[in-house]
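S.K.: Questions regarding the structure given below will be posed in turn.
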Amino acid sequence: MAANPFLWLISQLIWLYIYILIASAVLSWLVAFNVVNPRNQFVAMVGEFLYRITDPVLRPIRNMLPNMGGIDISPIVLFLIIILIQRVIVYYIYPNVF
């Protein structure tokens with residue numbers, strides 16, 4: 001996928017967002033289980049950044065999902081949607097560009 005720089009950039013941005021999504025989920029677990037202190041300035045800054053980047057995309061998914069009793073599976077649903085979009089780009093859009 002390196003022949004077209006625009007599609008390569010889109011692919012890299014998708015992977016970057018996936019890593020940000022994973023980091024956000026891991027940080028929320030660490031805060032929930034009191035492994036890290038959310039009052040720490042660095043942890044608060046990283047948490048706020050991750051929240052601002054991921055929450056606008058996760059919020060509509062959370063609104064559509066039923067209440068799971070405190071378990072948030074919206075990052076998993078978003079992860080699957082992102083992988084689906086990336087597969088569509090690689091298998092359907094990329095071959096038609098050349």
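S.K.: Only one residue in Pro75, Pro66 is of a type outside the set (A, V, I, L, M, F, W, C), free of Cβ contacts under 8 Å to residues at least 60 places away in the same chain and surrounded by fewer than 12 Cβ atoms within 10 Å (Cβ to Cβ), so which one is that?
M.R.: On inspection, the qualifying residue turns out to be Pro66.
S.K.: Still on this structure, I have one more. Looking at Met45, Met68 in this structure, which one is over 30 Å from Asn4 (Cβ atoms), modelled with pLDDT of 95 or more and aliphatic (A, V, I, L, M)?
M.R.: Met45
S.K.: So which residues in the range 42-59 are farther than 16 Å from Val26 by Cβ and in contact with a helix residue (DSSP H, G or I) (Cβ under 9 Å, 6 or more places away or on another chain), if there are any at all?
M.R.: The answer is Val57, Arg59.
S.K.: Checking the structure you have, find out if any residue of the range 54-61 is touching a residue at least 12 places away in the same chain (Cβ under 8 Å), exposed (fewer than 14 other Cβ atoms within 10 Å of the Cβ) and touching a Leu at 6+ places or on another chain (Cβ under 9 Å).
M.R.: There is no residue in the range 54-61 that is touching a residue at least 12 places away in the same chain (Cβ under 8 Å), exposed (fewer than 14 other Cβ atoms within 10 Å of the Cβ) and touching a Leu at 6+ places or on another chain (Cβ under 9 Å).
S.K.: Here is a follow-up. Hey, among Ile22, Ile73, Ile61, Ile93, which residue is modelled with pLDDT of 90 or more and either closer than 27 Å to Asn4 by Cα or in contact with a Phe, Trp or Tyr (Cβ under 9 Å, 6 or more places away or on another chain) (or both)?
M.R.: None of the other options fit; the residue is Ile22.
S.K.: Pairs under 8 Å by beta carbon, first residue of a type in the set (Phe, Trp, Tyr) in the range 30-42, partner surrounded by 11 or more Cβ atoms within 10 Å (Cβ to Cβ), six or more apart or different chains?
M.R.: Correct list of pairs: empty, since none qualify.
S.K.: Right, next: Of all residues in the range 7-52 being of a type in the set (S, T, N, Q) and open to solvent by 70 Å² or more (accessible area, probe 1.4 Å), which is nearest to Ile83 (Cα to Cα)?
M.R.: Gln12
The values are calculated or read from the model by the stated rules, or taken from the named source; none is laboratory data. Just so you know, these numbers come straight off a predicted model, no measurement behind them. When we count neighbours, we look across all protein chains shown, and the Cβ atoms used for this are built from the backbone with ideal geometry, even at glycine. Only protein heavy atoms, including side chains, enter the accessible area calculation; ligands, DNA and RNA are left aside. Shrake-Rupley method; radii C 1.70, N 1.55, O 1.52, S 1.80 Å.
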